[in-house]
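Novice: Once you've had a glance at the structure underneath, I'll fire off some questions.
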Amino acid sequence: MTLLKPSRYFALAGFLPAGVVFLMVSFEYTGYSAFAVAASVVAAIAVAIFSFGVRASRVVFVLIAIALVLWAALTNTGWVAATALAAQRGAMVMALFTALTAIRNAAISAPAIVECGRFLARQRSGLRYTALTIGGHLFALVLLYGSISLLGTLATESAAREPDPEIRRQRTRRMMIAIQRGFASTLCWSPLGFSMIISVSVVPGASWSAAALPGLVSALMMLVIGWGLDALYKPQVKSNTRPPETERWVTQLSPLLVLLGLVLVGVALLHIVTGVEVIGAVMSLIPVIAILWIAMQQPPVGLTRSVNVWQRARLFVTRELPSYRGEIVLLFMAGFIGSLGAFLLVPLVQAQGLDLTTIPPWIIVAAMVWIIPVTGQLGMNPILAVSLLVPILPSPEIMGIPPTAMVVAITAGWALSGATSPFTASVMLAASLGGVSPLRAGLGWNGVYVLAAGAALTLWALLLFYIL
């Protein structure tokens, strides 16, 4: 009997995250717990297989998870149910990541989307930051981290035309900062982002429909503050090259705007009409849009559209998903460890006699804006930080905090962490494309920005606390 090569194992294991999406969607629409249990088991198997092909830093999280399960088994009679719930949280995160990776796969091969990004990157100097920060926001609503990779690559391609090395360095830095801040601002409100979905799931009484508009205000505040700081600090240099023609905004951006409208309106309608949670709407709609989008694209010479769709789907499952095995392991473990860790910490906090209800509620709201970016500097993934810390707190009803105000504070802190933490994918991608260290691309580029935006977002969250 011929043994399969390790790469073959990983290729076959790519079917597991795809199966998790199907099972989690079935659970969201039917409410049958058997689907959630099956999704948790399949997700755990996928993580077990992928763990043999990831860096040691990812394996450490697996070992921590195993240690937490043993701790729970030795100290708590309800450990089985708690472990199952933690595995379900991890499976949910894995399913969401897989669904969003599908539409990113479709977008990368769409000439109209790539040309849209190139159009934004080639704007004249006075308009370039605004174009890229707004474009980064719009792209990130659909592509998430893929927006930084796509726009960042096109931005560096555009900057490379500048012969003066100092101007080229400054231009690259400003473009990457604009893209970073555009991406981070989506974390305040996007129904497709981990930030909103995780926050709504851990804050009792919260919903995306209630938090979306206040979150959108948070995003607008971040965009305006970023633009103001860029205008204040941008270097006064003149380029020796003339930018290409940058008119025809509506024509150039229409493919992206149509896609955004289809995704956002579709998710909202599914949520309203079927009553399914936003995450269920996202996980069910996004893969369908991705498949239809690929079917509409011009297939390679010699292939029909149906064959092209089938081949792309097969390659996505057997090649692209396994290539993200490090991210899949990390994201699953962040959700799992956060959930199980909170289960173990709550009794410890109570045993110490700590009464968190004695803390003024406005302090808790303000603290949530800052705790997440601070823990991000220490290497804690926001999914882990939120899943671990928020369940320790009494429910918003007991503390007298409106759930929407709590969600706005959490997503604001998540957004600040996304722009500054050297351990997040967004900052590491920007650092790689900008040719600097993650620490430089995080706090170095955005230190003043996070202080200004953090202060404004704190005041906004507190205002919501008092008026809601």
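The values are calculated or read from the model by the stated rules, or taken from the named source; none is laboratory data. Since this is a predicted model, take the numbers as computed values, not measurements. Here Cβ is always computed from backbone atoms with ideal geometry, including for glycine, and neighbour counts include all displayed protein chains. Accessible surface is based on the protein model in full, side chains and every heavy atom, while ligands, DNA and RNA are left aside. Shrake-Rupley method; radii C 1.70, N 1.55, O 1.52, S 1.80 Å.
Novice: Out of all the residues in segment 173-205, which are open to solvent by 20 Å² or more (accessible area, probe 1.4 Å) and over 17 Å from the mean Cα position of the chain (by Cα)?
Specialist: 173, 174, 204, 205
Novice: Which of the residues spanning segment 386-398 are over 14 Å from the mean Cα position of the chain (by Cα) and open to solvent by less than 20 Å² (accessible area, probe 1.4 Å)?
Specialist: Taking segment 386-398 first, the residues over 14 Å from the mean Cα position of the chain (by Cα) are 387-398.
Matches in segment 386-398: 387, 390, 396.
Novice: If you don't mind, there's one more thing I want to ask. For segment 323-343, state whether one or more residues are surrounded by 14 or more Cβ atoms within 10 Å (Cβ to Cβ), touching a helix residue (DSSP H, G or I) at 6+ places or on another chain (Cβ under 6 Å), closer than 14 Å to residue 94 by Cβ and among the charged types (D, E, K, R).
Specialist: Yes - at least one qualifying residue is present in segment 323-343.
Novice: So if I check each of 253, 257, which one is open to solvent by 20 Å² or more (accessible area, probe 1.4 Å), of a type in the set (A, V, I, L, M), modelled with pLDDT under 85 and in a helix (DSSP H, G or I)? Full working, then the answer.
Specialist: Details: 257 fails: modelled with pLDDT under 85.
When all the criteria are applied, what remains is 253.
Novice: Got a sec? Which of 316, 343 is farther than 17 Å from residue 108 by Cα, out of contact with any Cys (no Cβ under 6 Å at 6 or more places or on another chain), in contact (Cβ under 8 Å) with a residue 24 or more places away in the chain and not acidic (Asp, Glu)? Spell out how you get there, then give the answer.
Specialist: On the way: 316 fails: farther than 17 Å from residue 108 by Cα.
Answer to the check: 343.
Novice: Okay, next question. Would you be able to tell me the number of residues in segment 267-276 that are open to solvent by 10 Å² or more (accessible area, probe 1.4 Å) and closer than 12 Å to residue 192 by Cα?
Specialist: So the answer is 1.
Novice: Does residue 437 satisfy the condition of being open to solvent by 40 Å² or more (accessible area, probe 1.4 Å) and within 19 Å of residue 327 (Cβ to Cβ)? Give the steps one after another, and end with the answer.
Specialist: Details: open to solvent by 40 Å² or more (accessible area, probe 1.4 Å): yes; within 19 Å of residue 327 (Cβ to Cβ): no.
No; evaluated as a whole, the condition is false for this residue.
Novice: Got a number for residues in segment 192-206 being more than 15 Å from residue 382 (Cβ to Cβ) and modelled with pLDDT of 90 or more?
Specialist: To start, the set of residues in segment 192-206 that are more than 15 Å from residue 382 (Cβ to Cβ) comprises 192, 204-206.
With modelled with pLDDT of 90 or more added as a condition, the list becomes 204-206.
The number of residues fulfilling the criteria is 3.
Novice: Looking only at segment 440-454, decide whether some residue is closer than 26 Å to residue 205 by Cα and either basic (Lys, Arg) or open to solvent by less than 50 Å² (accessible area, probe 1.4 Å) (or both). Show your work before the answer.
Specialist: Of the residues in segment 440-454, the ones closer than 26 Å to residue 205 by Cα are 454.
From what's left, either basic (Lys, Arg) or open to solvent by less than 50 Å² (accessible area, probe 1.4 Å) (or both): 454.
Yes; the residues of segment 440-454 include at least one that is closer than 26 Å to residue 205 by Cα and either basic (Lys, Arg) or open to solvent by less than 50 Å² (accessible area, probe 1.4 Å) (or both).
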